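Data first, discussion second: the structure below is written as structure tokens.
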Amino acid sequence: MENRNYYLSRSQPPYFALMVELLANKKGKSIYKKYLTALQKEYAFWMDGSLFTRPGSGFRRIVVMKDGEILNRYHDDSTTPRQESYYEDVQVGLGYQNDDENVYRHLRSGAESGWDFSSRWFADTFHLTTIETANIIPVDLNCLLYKYEEVLAIAYKSVGQVSESEFLQSKASARKEAINKYFWNNDEQFYFDLNRSTASHTMRWSLAGTMPLFVKIANPLQAALVSGQVSKSFLKPGGLVTTLYNTGQQWDAPNGWPPLQYITIKGLLNYNFKPIADTIARRWMLINENVYKRTGKMMEKYNVEDINLLSGGGEYPTQDGFGWTNGVYLELDRLFPRQK
């Protein structure tokens with residue numbers, strides 16, 4: 001029986017390879033063989049068009065830079081309002097402010113990103129009616145696909161396919177160089193998304209800029225500079241704020257999200273920035289605990305700027321429960337044990 005098959009035109013951020021790597025670290029290298037076919041299938045989905053797309057152009061989720069580097073963006077094959085948010089999308093379409101006929105593709109692509117919605121995708125930073133997701137090349141997505149290429153290289157090697165392994169490792173190395181070439185901003189000392197229409201950084205400050213530390217492609221100086229920006233700009237009483245902009249969208253200030261706390265903390269630990277990682281973790285765990293004491297619930301996201309208020313924004317009320325909240329809390333409690 002089909003269920004919600006209208007979602008088939010888009011995916012979600014490609015974390016599967018990281019999941020396979022985590023499981024392999026627990027259960028052994030046989031895991032790579034078990035999931036190799038699934039890894040190949042998802043990677044092929046993201047790289048569709050890479051063999052024929054010319055420099056300076058894009059196809060689906062592929063963008064080929066003028067110098068030939070292959071990067072990725074979020075994309076949806078459909079150009080109609082989302083079935084699950086039809087009314088809301090139509091209203092955005094009626095008020096759309098950009099000279100672009102792809103408003104519904106941009107909305108759908110924003111949903112594929114998981115950051116639905118955020119100032120990261122807005123031409124004017126603050127209004128959903130300027131969304132342009134498919135024009136943005138996201139730093140975090142490309143870091144995930146770098147990791148995908150590394151994991152696939154390991155998986156191929158585990159089954160004796162040496163040439164395939166070497167090919168994927170070369171892809172990973174090329175993407176690593178491209179990420180530092182295109183997303184690092186030396187003036188601002190941080191990683192930013194790239195707008196392919198203007199060939200310039202979007203200059204939207206977000207925790208996506210910490211993903212290069214999570215996948216270990218920043219050099220020590222870059223990591224130190226990112227750590228400084230996290231401490232100066234993103235650290236709030238309840239943990240890390242998602243972006244520096246209060247837009248009324250849920251993936252913006254004042255909200256903090258569990259996966260982004262973990263990604264940033266782990267990235268900082270990868271480069272031995274333990275004090276700031278410890279501070280973030282303890283503030284985040286404390287807000288989790290305090291809200292639980294008041295409500296009896298773990299929440300999907302939290303207001304990290306005013307720890308006495310609940311989170312909000314977006315298209316739906318803040319959700320109760322949520323596995324990622326529970327999982328991140330338990331892992332941080334393990335990494336940063338406290339006297340109880």
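The values are calculated or read from the model by the stated rules, or taken from the named source; none is laboratory data. Values in this document were obtained by computation on a predicted structure and should not be read as measured data. Positions of Cβ are backbone-derived with ideal geometry, glycine not excepted, and every protein chain shown enters the neighbour counts.
Quick notes on this one:
- Members of the stretch 312-338 found to be closer than 29 Å to Glu88 by Cβ, hydroxyl-bearing (Ser, Thr, Tyr) and surrounded by 13 or more Cβ atoms within 10 Å (Cβ to Cβ), listed by number: Thr318, Thr325
- Considering the stretch 27-43, and only residues there that are farther than 12 Å from Ile154 by Cα and small (Gly, Ala, Ser), the residue that is surrounded by the fewest Cβ atoms within 10 Å (Cβ to Cβ) turns out to be Gly28.
- Pairs where the first residue, in the stretch 27-51, is assigned to a helix (DSSP H, G or I) and the second is of a type in the set (D, E, K, R), C-beta under 7 Å, 6+ apart: Trp46/Arg61
- For the stretch 301-311, the candidate set comprises residues that are surrounded by fewer than 20 Cβ atoms within 10 Å (Cβ to Cβ) and of a type outside the set (A, V, I, L, M, F, W, C); within that set, the residue that is nearest to Gln249 (Cα to Cα) is Glu305.
- Filter result for Gly296 (modelled with pLDDT of 90 or more, over 30 Å from Ala224 (Cα atoms) and not charged (D, E, K, R)): yes
- Counted residues, the stretch 4-26 - those being surrounded by 12 or more Cβ atoms within 10 Å (Cβ to Cβ) and either among the charged types (D, E, K, R) or not in a helix (DSSP H, G or I) (or both): 7
- Condition check for Ser165 on (1) in contact (Cβ under 8 Å) with a residue 24 or more places away in the chain; (2) polar (S, T, N, Q); (3) crowded, with 17+ Cβ neighbours inside 10 Å: one failure, at (1).
- The stretch 88-107 - residue that is in a helix (DSSP H, G or I) and touching a helix residue (DSSP H, G or I) at 6+ places or on another chain (Cβ under 7 Å) and, of those, surrounded by the fewest Cβ atoms within 10 Å (Cβ to Cβ): Gly93
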